[in-house]
Amino acid sequence: MDLTQPTISALEAGDLDRSGLATLKAYVEALGGTVEVTATFGSRKLVLSPHA
């Protein structure tokens, strides 16, 4: 996974401001999950997913 302990602690605390998408993706995938990004435009949502 190649993430430092402070980075993992920040992710687990919900501090996403200091984590790039690649870091978040690596963390989630190491735990067996997948990442989807949702962009919200008022009442409209756009889901960005590698499986879309």
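The values are calculated or read from the model by the stated rules, or taken from the named source; none is laboratory data. Just so you know, these numbers come straight off a predicted model, no measurement behind them. So basically every Cβ, Gly included, is an ideal-geometry build from the backbone, and we count neighbours across all protein chains shown.
Here are the numbers:
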item: Residue match in the stretch 35-47 (condition: of a type in the set (K, R) and farther than 24 Å from D2 by Cβ); result: yes
item: Inter-residue pairs, beta-carbon under 6 Å, first without any contact (Cβ under 8 Å) to a residue 24 or more places away in the chain and under 15 Å from V35 (Cα atoms) and in the stretch 1-23, second part of a loop (DSSP other than H, G, I, E, B) and not aromatic (F, W, Y), 6+ apart; result: L11/S19
item: Subset tally (residues that are assigned to a loop (DSSP other than H, G, I, E, B) and either surrounded by 10 or more Cβ atoms within 10 Å (Cβ to Cβ) or among the hydrophobic types (A, V, I, L, M, F, W, C) (or both)) for the stretch 34-52; result: 5
item: From T34, T7, T40, residue being of a type in the set (V, I, T), in contact with a helix residue (DSSP H, G or I) (Cβ under 8 Å, 6 or more places away or on another chain) and either at pLDDT 90 or above or on the phi > 0 side of the Ramachandran plot (or both); result: T34
item: Residue within the stretch 18-28 that is surrounded by 12 or more Cβ atoms within 10 Å (Cβ to Cβ), assigned to a loop (DSSP other than H, G, I, E, B), at pLDDT below 85 and not acidic (D, E) present; result: yes
